[in-house]
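Novice: First the structure, which I've put down as structure tokens, then a few questions once you've had a look.
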Amino acid sequence: MTTTAQGHPSPNSRPILIVGSIALDDVKTPVTERKNLLGGSASYAALGASLFSPVNLVGIVGLDFPSEHIELFQQRHIDLSGLQRVEGETFRWSGEYMENMNERETLSIALNVFEDFRPDLPPVYETTPFVLLGNIAPSLQSLVLDQVKDPILTIADTMDLWIQTTREDLDRLVARVDVLILNDSEADLLTGHRNPIKAAETILARGPKYVCVKKGEHGAILVGKNEGEFFSTSAYPIQDVLDPTGAGDTFAGGFAGYLASSEQQTPSFADMRQAVVYGTALASYNVESFSAEKIRTLQRPDVEKRVTELRAITQF
Ligand code: AMP
């Protein structure tokens, strides 16, 4: 693992392709309400991963997408040649959190330019060695996978919506990826097992080499196909959660970005364990502010600090 003093990826880090939604979000919590925030699975994942590795972003926005967000991606050295800017409005999502800040209700979704989105990779992206398929329709995730050549590692994130509405597409995708990341309620929905270990084992039998089940404020587990490949960590303890939107996407970005910066050609299970902890540390920053307000200014030393603290907390 090598980074420069400023925390930007070193030349040894390998690029990671990230596809997903790029959105403008309205978020309501029991305390306050904020509108027109930068959101979307790819936005969070790309900002998170960019602390570790060069990112090739694939997505779509409308002409209404504020230039300040484009500038933020550029400041983070995120390559935007795979970002389509087309006539029309950007994807919009609005959600409301319940009192416990864990449960949320989607109030509205407007697909807008996403409706006709077809991810077409610029030729230079086709050989990107690491691929993170952020949360979007599994048919679109598969289209991206069809276009990449011999990736070292492919990682997919998903959500309950796709398990409920496009199950066959999702099953086809799950059979093709190396790592599946999902949360405990989604793992239950996908397998019928409430127990996250049983659920992970069931998913492993369907194709992936590793399954990471996130348990929100209770941490995450990682299960691999080989005998003894099991890891569990708590979450980084946060007392004041302001907005959990994008925590899962930021986790995925940190997880994937860390692996792309790993010194080994193909990440080992030890790397995977570390990646879970880096994802956890990044997600903890994300929930402390609305949208990407905290992670947009984050530097590598900030992440290292929480990784060290997590190690101290969980050691016995
Ligand atoms: P998370 O809190 O990690 O589940 O991520 C929330 C983000 O995902 C928000 O910024 C939304 O813009 C985005 N999002 C919500 N629903 C969808 C969807 N159906 N497809 C793609 N992105 C979505």
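The values are calculated or read from the model by the stated rules, or taken from the named source; none is laboratory data. Because the structure is a prediction, the values reported are computed rather than measured. Here Cβ is always computed from backbone atoms with ideal geometry, including for glycine, and neighbour counts include all displayed protein chains.
Novice: Out of the strands (runs of 3 or more DSSP E) lying entirely within the stretch 80-192, which hold 1 or more residues that are surrounded by fewer than 19 Cβ atoms within 10 Å (Cβ to Cβ), without any contact (Cβ under 8 Å) to a residue 40 or more places away in the chain and among the hydroxyl-bearing types (Ser, Thr, Tyr)?
Specialist: 104-110
Novice: Would you confirm whether any residue within the stretch 237-249 is more than 16 Å from the ligand (Cβ to nearest atom), within 26 Å of Ala187 (Cβ to Cβ) and out of contact with any Asp or Glu (no Cβ under 8 Å at 6 or more places or on another chain)? Quick ask: steps written out before the conclusion?
Specialist: Our first condition is that a residue be more than 16 Å from the ligand (Cβ to nearest atom); within the stretch 237-249, this holds for 237, 239-240.
Filter again for within 26 Å of Ala187 (Cβ to Cβ), leaving 237.
Subsequent filtering for residues that are out of contact with any Asp or Glu (no Cβ under 8 Å at 6 or more places or on another chain) retains 237.
Looking for residues that are more than 16 Å from the ligand (Cβ to nearest atom), within 26 Å of Ala187 (Cβ to Cβ) and out of contact with any Asp or Glu (no Cβ under 8 Å at 6 or more places or on another chain), one finds at least one in the stretch 237-249, hence yes.
Novice: Could I ask something else about it? Return the pair list, or none, for Cβ contacts closer than 8 Å from residues in the stretch 298-313 that are of a type in the set (S, T, N, Q) to residues that are surrounded by fewer than 19 Cβ atoms within 10 Å (Cβ to Cβ), at least 6 apart or on different chains.
Specialist: These pairs meet every condition: Gln299/Gln6; Gln299/Gly7.
Novice: If Gln74 passes every condition in (1) under 20 Å from the mean Cα position of the chain (by Cα); (2) free of Cβ contacts under 8 Å to residues at least 60 places away in the same chain; (3) over 22 Å from Ala256 (Cα atoms); (4) surrounded by fewer than 19 Cβ atoms within 10 Å (Cβ to Cβ) but one, which one does it miss?
Specialist: The single condition Gln74 does not satisfy is (3).
Novice: Let me ask something else about it. If a residue must be within 13 Å of the ligand (Cβ to nearest atom), aliphatic (A, V, I, L, M) and either surrounded by fewer than 24 Cβ atoms within 10 Å (Cβ to Cβ) or in a helix (DSSP H, G or I) (or both), how many such residues does the stretch 11-37 contain?
Specialist: Looking only at that region, the number is 1.
Novice: Continuing with this model, one more query. Tell me yes or no: at least one residue of the stretch 281-290 is touching a Pro at 6+ places or on another chain (Cβ under 6 Å), at pLDDT 95 or above, closer than 24 Å to Glu68 by Cα and within 16 Å of the ligand (Cβ to nearest atom).
Specialist: Yes: the stretch 281-290 contains one or more residues that are touching a Pro at 6+ places or on another chain (Cβ under 6 Å), at pLDDT 95 or above, closer than 24 Å to Glu68 by Cα and within 16 Å of the ligand (Cβ to nearest atom).
Novice: I would also like to ask the following. Count, please, the residues in the stretch 96-114 that happen to be within 15 Å of Gly62 (Cα to Cα) and more than 10 Å from the ligand (Cβ to nearest atom).
Specialist: 3
Novice: May I ask you to verify whether Ala199 is in a helix (DSSP H, G or I), in contact with a Leu (Cβ under 6 Å, 6 or more places away or on another chain) and away from the ligand (no atom under 16 Å from the Cβ)?
Specialist: Criteria not met by Ala199.
Novice: Could you tell me whether the stretch 193-212 includes any residue that is free of Cβ contacts under 8 Å to residues at least 12 places away in the same chain, surrounded by fewer than 19 Cβ atoms within 10 Å (Cβ to Cβ) and closer than 25 Å to Leu57 by Cα?
Specialist: no
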